[in-house]
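Just so it is clear, none of the values below were taken in a lab; they were calculated from the coordinates. Please read these numbers as outputs of a predicted model, since none were measured by experiment.
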Amino acid sequence: MDSTKALILDPYHGNDLNWEELASDKRVAGIIHKATQGNRVDKKYRERKETAKARGYKWGSYHHGVPGSPVAQVDF
C-alpha cells in the first residue's frame with residue numbers, strides 16, 4: 001500500500017473502530033460514515049461523529065437508500 005496516500009474510512013455500526021490504532025496511522029485523514037439506511041439511524045453515528053471531530057478527522061456522512069419509497073426515506 002502506498003504510504004503517501006491518505007485513507008478515508010467508510011464504517012457503519014457493525015464495524016469496530018479502535019481510535020488509538022487509527023491515531024497511530026497518519027494516513028487516516030477522514031471518515032465517511034453511514035448515517036441512515038432506509039428509515040433507520042445508524043446507532044453509532046452520533047458518538048463516532050463527536051469522537052472523530054474531537055480527534056481532528058475530516059467527517060462526512062451518507063444515506064444508504066433501500067428499495068421501497070424514496071420519498072419516505074427523504075422525509076425521514
From the phi of every residue in the range 62-76, what ³J(HN,Hα) in whole Hz does the Karplus formula 6.51 cos²θ - 1.76 cosθ + 1.60 yield, where θ is phi - 60° and glycine or proline is x? 8, 9, 9, x, 10, x, x, 8, x, 5, 4, 5, 5, 5, 5
For the range 7-75, just the Cα atoms, rotate onto the principal axes and tell me the three extents in Å, largest first. 42, 18, 18
Only bridges with both residues in the range 7-75 count here: give the DSSP antiparallel percent, nearest 5. 15 percent
